[in-house]
Amino acid sequence: MEVIIRPTTESAVKFTARLIADQLRANPKMVLGLATGRTMEAVYAELARMHREEGLDFSQAQSFNLDEYIGLSGDNKNSYRYYMNYHLFNHVNIDKSKTNLPNGMAEDPIAEGERYEAAIKAAGGVDMQLLGIGRDGHIGFNEPLSSLNSRTRAKALTPETYEQNAPLFDKPEDMPMRAFTMGVGTIMDAKSVILLVTGAEKAQILKKAVEGPVTSMISATALQYHNKALVICDEEAGALLEGKKYYNWIFEKEPQWQKYHNI
Ligand code: GLP
C-alpha cells in the first residue's frame with residue numbers, strides 16, 4: 001500500500017483523475033472500476049473536463065461500478081446508474097453499452113451477483129478500481145462483518161450508512177435498506193486500486209483502514225493485502241496518520257511520482 005497526501009481536496013481529486021487518465025491513455029481498452037458518492041463527483045467533473053479540453057478518449061474503455069441500490073431502476077434519480085450517467089457517462093465518449101452496474105431491479109439476487117461476477121471476468125477483470133470509503137469503513141457497500149472473500153451479492157445496509165446516504169434522497173425515507181455490491185474479494189481481484197478519501201470527518205476511519213489491524217469490521221482494511229493499492233487523501237483526511245512523514249518522504253523521493261509533484 002502507498003499513501004499520498006495532497007495539501008487540498010482539489011489537488012487530491014486532480015491527482016486521482018490524472019492517474020486514471022494516464023492509465024487510460026496508456027491502455028485505451030482499460031476496464032475501469034468506478035465508485036459513487038459525494039467524493040467522486042469532482043473526480044468525474046475533472047475527467048469530463050479532460051475529455052472536453054484534452055481529448056481524453058473513453059471510446060474503447062469499459063466500466064464496472066461497485067454497487068447499486070436494490071429496488072431502484074436506472075431512471076430513478078437516486079440510483080447509481082443515474083448518478084454515473086449524470087456525473088460522467090453523459091459527458092464523455094464512453095459507449096454506454098460497455099458501462100456496467102448491478103441491476104437494482106433484478107428479481108433473483110443470487111443470479112444477479114453471479115451474472116455480474118461473470119461479466120467482470122469476461123471483460124478480463126478490472127484494471128483500476130476507484131474506491132471511496134464510507135464512514136463505517138466500507139468499500140462498495142461491504143458493511144461491517146462482510147467476508148473479506150465476499151463476491152458480488154445483496155447486502156443489508158447499516159444504520160450509519162443509512163444516516164450518511166439518506167440525505168441524498170429527495171425523501172430520505174425512500175433510501176433502500178439493501179444494495180448489490182461487489183464483494184471485498186471482487187475488489188481485491190482488481191489489478192490496481194485507488195482509494196480516495198477527503199475531509200476531516202474521514203480522518204479517523206482512514207487511520208484505521210490504513211494503519212489499523214485487518215478486520216472484517218472495516219472492509220477497507222483488506223486493501224492492506226492488495227499488491228497495488230494506492231491511497232490518496234487530502235491533509236484533513238490524512239491528519240491522524242502516524243506514518244505521515246514517511247509517506248510524504250516516499251512521494252518526494254520515488255521517481256515514479258516526480259511528474260505528479262505539481263498537481
Ligand atoms: C456510498 C458508496 C461507497 C462510497 C461511500 C462514500 O456508501 N457505496 O462506494 O465510498 O458512499 O461516500 P461519500 O463520498 O459521499 O462520503
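The values are calculated or read from the model by the stated rules, or taken from the named source; none is laboratory data. What you are looking at is a predicted structure, and each value in this text was computed from that prediction instead of being measured. Using ideal geometry, Cβ is built from the backbone for each residue, glycine included, and neighbour counts are taken over all protein chains shown. Keep in mind that these areas ignore ligands, DNA and RNA; they rest on the heavy atoms of the full protein, side chains included. Shrake-Rupley method; radii C 1.70, N 1.55, O 1.52, S 1.80 Å.
Checking the conditions here, which among E173, E117 is more than 24 Å from A209 (Cα to Cα), acidic (D, E) and without any contact (Cβ under 8 Å) to a residue 24 or more places away in the chain? Spell out how you get there, then give the answer.
Values: E117 fails: without any contact (Cβ under 8 Å) to a residue 24 or more places away in the chain.
When all the criteria are applied, what remains is E173.
Within segment 221-263, being open to solvent by 80 Å² or more (accessible area, probe 1.4 Å) and either of a type outside the set (D, E, K, R) or in contact with a Leu (Cβ under 7 Å, 6 or more places away or on another chain) (or both) holds for Y225, N227, Y246, W249, P255, Q256, Q258, N262. As for segment 194-201, it holds no residue that is in contact with a Pro (Cβ under 9 Å, 6 or more places away or on another chain), modelled with pLDDT of 95 or more and surrounded by fewer than 22 Cβ atoms within 10 Å (Cβ to Cβ). Among the residues in segment 170-180, are any among the aliphatic types (A, V, I, L, M) and within 11 Å of the ligand (Cβ to nearest atom)? Yes - at least one qualifying residue is present in segment 170-180. Among the candidates Y80, Y116, Y86, Y69, the residue that is over 16 Å from the mean Cα position of the chain (by Cα), under 24 Å from V197 (Cβ atoms) and not hydrophobic (A, V, I, L, M, F, W, C) is uniquely Y86.
Sort out which residues of segment 167-190 are crowded, with 17+ Cβ neighbours inside 10 Å and either among the acidic types (D, E) or outside any strand (DSSP E or B) (or both), and write them in order of number. Break it down stepwise before answering.
Start the filter on segment 167-190 by keeping residues that are crowded, with 17+ Cβ neighbours inside 10 Å, which leaves 175-176, 179-190.
Hits for segment 167-190 are M175, P176, M182, G183, V184, G185, T186, I187, M188, D189, A190.
Applying the condition of being among the polar types (S, T, N, Q) and near the ligand (Cβ under 8 Å from one of its atoms) to segment 131-169 and asking which residue is farthest from A118 (Cα to Cα) yields Q164.
Has segment 208-217 got any residue that is outside any loop (DSSP other than H, G, I, E, B), charged (D, E, K, R), modelled with pLDDT of 95 or more and loosely packed, with under 15 Cβ neighbours inside 10 Å? Give the derivation first.
So the first thing to find is which residues in segment 208-217 are outside any loop (DSSP other than H, G, I, E, B), and the list is 208-211, 215.
Subsequent filtering for residues that are charged (D, E, K, R) retains 208, 211.
Next, only the ones that are modelled with pLDDT of 95 or more stay: 208, 211.
Going one step further and asking which of them are loosely packed, with under 15 Cβ neighbours inside 10 Å, we end up with none.
Within segment 208-217, none of the residues are outside any loop (DSSP other than H, G, I, E, B), charged (D, E, K, R), modelled with pLDDT of 95 or more and loosely packed, with under 15 Cβ neighbours inside 10 Å.
Between a residue in segment 141-160 that is touching a residue at least 60 places away in the same chain (Cβ under 8 Å) and closer than 14 Å to S216 by Cα and any residue that is of a type in the set (D, E) and surrounded by 16 or more Cβ atoms within 10 Å (Cβ to Cβ), which pairs come within a Cβ distance under 8 Å, given they are 6 or more apart or on different chains? Between residues of segment 141-160 that are touching a residue at least 60 places away in the same chain (Cβ under 8 Å) and closer than 14 Å to S216 by Cα and residues that are of a type in the set (D, E) and surrounded by 16 or more Cβ atoms within 10 Å (Cβ to Cβ), the close pairs are F141/D67; E143/D136; P144/D136. Among helices (runs of 4 or more DSSP H) entirely within segment 1-115, having at least 3 residues that are open to solvent by less than 30 Å² (accessible area, probe 1.4 Å), away from the ligand (no atom under 13 Å from the Cβ) and at pLDDT 95 or above singles out 9-26, 38-54.
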